[in-house]
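Notes for the one structure printed next.
The values are calculated or read from the model by the stated rules, or taken from the named source; none is laboratory data. Note that the structure is a prediction, hence the values are computed from the model and not measured. Here the Cβ is made from the backbone with ideal geometry for all residues, glycine too, and neighbour counts use every protein chain on show. Each accessible area value is taken on the protein alone, full model and side chains, heavy atoms only, with ligands, DNA and RNA left out. Shrake-Rupley method; radii C 1.70, N 1.55, O 1.52, S 1.80 Å.
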Protein chains: 2
Amino acid sequence: MPITVVGSIAYDTVKTPFGERQRMLGGAAVHFALAASFFDDVCVVGPVGEDFGEQQLDVMRRRGIDVDAVERIDGGRTFFWQGEYGWDLNTRETIDTQLGVFEGFQPKLTPAALASDVLFLANIQPDLQREVRAQLPDARFVALDSMNLWIDIARESLIAAIEEVDCLILNDAELRQLTGKPNLVSAAREILAWEPASSYRGPSVIVAKQGEYGAALITRESFFALPAYPLETVVDPTGAGDTFAGGLVGYIAAHPEEQLSEQLLRRAMAHATVLASFNVAEFGTERIERLEGREIVARIAELQAMTQFSGAPLALRG
Amino acid sequence: MPITVVGSIAYDTVKTPFGERQRMLGGAAVHFALAASFFDDVCVVGPVGEDFGEQQLDVMRRRGIDVDAVERIDGGRTFFWQGEYGWDLNTRETIDTQLGVFEGFQPKLTPAALASDVLFLANIQPDLQREVRAQLPDARFVALDSMNLWIDIARESLIAAIEEVDCLILNDAELRQLTGKPNLVSAAREILAWEPASSYRGPSVIVAKQGEYGAALITRESFFALPAYPLETVVDPTGAGDTFAGGLVGYIAAHPEEQLSEQLLRRAMAHATVLASFNVAEFGTERIERLEGREIVARIAELQAMTQFSGAPLALRG
């Protein structure tokens, strides 16, 4: 079933130990949409400036993505981010952020965007996330990403936004920061115990992104974790989290006949992990743009083989 | 087949957000031996001072551990470590280290220790590790742990020591530091490609300890990773790495009839992960001292359930 994503569409200038790129196509909504497009129809909602070209829109159109709700603001400039990564790519420094048209962004949903029944609220101001959420009250599955900035400056709004979605996707350090709990399990259990003030169901799925270590999935009943797909060379981690979310939400959207079962969520986590692994292998959207479905399928099988062990019984002493 | 471990026997004073303990029984050889004792006979080699009592030795004896090679140095003081952990237990500060009898330690192996065919060289000065290794030239399986200190001040000795063992167990940041490679896979591949100057086989198994994220196993042919067993409360991580090593090496020692197959190594990793999860649930050796084999077996089954996903085929777009 179609997916609507609301979030940033950006130009990124990135320097990593493996090279640099100027003003690449980027942004959370773009990375998410490219990944999710392997699974289902995707409609992108977000603003761009006059500097955003047909060439960039074509990258998305080639993957069948609906860009009618990409709003071009006259006289505006596209959101711009510049960053640099350290030698092991675990640290990153933001050198420049220019909000451009993102300042004062008011999401405008097209009829197609409103008709989706799966929604991803990428990392934007939480009150905006809530406004969009309110326009798709009957969505079957809604997921939300955020960041430390909003925990710092808009905590109450963010908590209200999280209470209105089914699935929270966050870095594990941010889960700790949000809850004040010292570890992942206790942080996730805390959020799963929140009782929404509104009529929404409240979050039932917590996904902790752990960067090079992989990701964990926590529900009220279970815990599941996957390592990142191992790569000898990670070229550019930019957009990995949104690509991950695109794989996860895309896989769930493509299975409307299934309940949100543990096994469905786990398979979605595996597809998310594999999509993210392709994303980081080259700069920006370069690798995902020419990714093929059969490559995803092959890597899913590899990931499965890497995480299995047999539980041969053993008589232990004492 | 019996296991010999050489390493520290210590008193630890530890403060964590959950409390503190004064002069608990600790040390790498102790944590290792207690964990490995669930699988096979263990012989501990290491020095203690006059302040070390029968009560501490009895903790090991009760688990059937051979303490005949624990050498009491007249007039000496037992190795002492004092540390404090931060709120999320990911940072730790060493407040005091007193080498005591560990200064000038020359390992003396009893006939029983020399007769083992599995050897664990816990984190001590790498030239000492090599001396012990040379006394068990025909050991079937030899594993080694080390730390950043030796990478900094005895790098050449450490590399020579690693070339003489089958299995290197190291924190993942230390694998990067040792090789200068920016990520785990490239670091492990580098070490696996070393060609020993000596007649030893050279390392064929690299285990990266990743703390709360779990651990990864890298051989020339394969990659395997396991998350840490999820706990709502981690009380004291001290000794987790050595307990992990005890589970890993112990499991391998208990299966002498099996070749060092991928499946054997993976099951060993699972047992290592589970042992470590019990260790961190209470202070020092408190939890492992009263651990029972059936608790390990039950948690292995849980860990297996937490890491499985089915690979339902999916027709992907593009």
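A residue that is more than 8 Å from every other protein chain (Cβ to nearest Cβ), under 20 Å from the mean Cα position of the chain (by Cα) and farther than 29 Å from B:Ile288 by Cα can be found somewhere in the stretch B:211-227.
Of a type in the set (A, V, I, L, M, F, W, C), open to solvent by 40 Å² or more (accessible area, probe 1.4 Å) and either at the interface with another protein chain (Cβ under 8 Å from one of its Cβ atoms) or out of contact with any Ser or Thr (no Cβ under 7 Å at 6 or more places or on another chain) (or both): does that describe A:Ala281? When the stated conditions are applied, A:Ala281 does not pass them. If the condition is being touching a residue at least 40 places away in the same chain (Cβ under 8 Å) and of a type in the set (Gly, Ala, Ser), then the stretch B:58-81 contributes only B:Ala69.
Residues in the stretch A:37-65 that are surrounded by 22 or more Cβ atoms within 10 Å (Cβ to Cβ) and in contact with a Pro (Cβ under 9 Å, 6 or more places away or on another chain): A:Val42, A:Cys43, A:Val45, A:Gly46, A:Pro47.
Quick one: is A:Phe283 of a type in the set (Phe, Trp, Tyr) and part of a helix (DSSP H, G or I)? For A:Phe283, the condition - of a type in the set (Phe, Trp, Tyr) and part of a helix (DSSP H, G or I) - is not met.
Residues of the stretch B:156-190 that are within 11 Å of another protein chain (Cβ to nearest Cβ), out of contact with any Lys or Arg (no Cβ under 9 Å at 6 or more places or on another chain) and open to solvent by 30 Å² or more (accessible area, probe 1.4 Å): B:Ala173, B:Gln177, B:Gly180. Considering the conditions (1) more than 11 Å from chain A (Cβ to nearest Cβ); (2) assigned to a helix (DSSP H, G or I); (3) hydrophobic (A, V, I, L, M, F, W, C), B:Ile288 is excluded by exactly one of them, (1). Filtering the stretch B:293-307 to residues that are over 17 Å from B:Leu248 (Cα atoms) and facing chain A (nearest Cβ under 7 Å) leaves B:Met306, B:Thr307. Please indicate, with yes or no, whether at least one residue in the stretch A:200-210 is in contact with an Asp or Glu (Cβ under 8 Å, 6 or more places away or on another chain), crowded, with 17+ Cβ neighbours inside 10 Å and within 11 Å of another protein chain (Cβ to nearest Cβ). Within the stretch A:200-210, one or more residues are in contact with an Asp or Glu (Cβ under 8 Å, 6 or more places away or on another chain), crowded, with 17+ Cβ neighbours inside 10 Å and within 11 Å of another protein chain (Cβ to nearest Cβ).
Name the single residue, out of those in the stretch B:244-268 being crowded, with 24+ Cβ neighbours inside 10 Å and more than 16 Å from A:Arg317 (Cα to Cα), that is nearest to the other protein chains (Cβ to nearest Cβ). Show your work before the answer.
From the stretch B:244-268, those crowded, with 24+ Cβ neighbours inside 10 Å are B:244-253, B:268; that's our starting set.
Within this subset, residues satisfying the condition of being more than 16 Å from A:Arg317 (Cα to Cα) are B:244-245.
Values: B:Phe244: 15, B:Ala245: 17 Å.
Per the criteria, the residue is B:Phe244.
Residues in the stretch B:111-131 that are assigned to a strand (DSSP E or B) and of a type outside the set (Val, Ile, Thr): B:Leu119, B:Phe120, B:Leu121.
If you go through the stretch A:85-102 and keep only what is among the charged types (D, E, K, R) and open to solvent by less than 70 Å² (accessible area, probe 1.4 Å), you end up with A:Asp88, A:Asp96.
Considering the conditions (1) part of a helix (DSSP H, G or I); (2) open to solvent by 10 Å² or more (accessible area, probe 1.4 Å), A:Pro107 is excluded by exactly one of them, (1).
Quick one: which strands (runs of 3 or more DSSP E) lie wholly within the stretch B:204-269 and hold at least 1 residues that are touching a Lys or Arg at 6+ places or on another chain (Cβ under 8 Å) and in contact (Cβ under 8 Å) with a residue 24 or more places away in the chain? Write out each step before concluding.
Working: elements: B:205-209, B:215-218, B:223-226.
By residue number, B:215-218, B:223-226.
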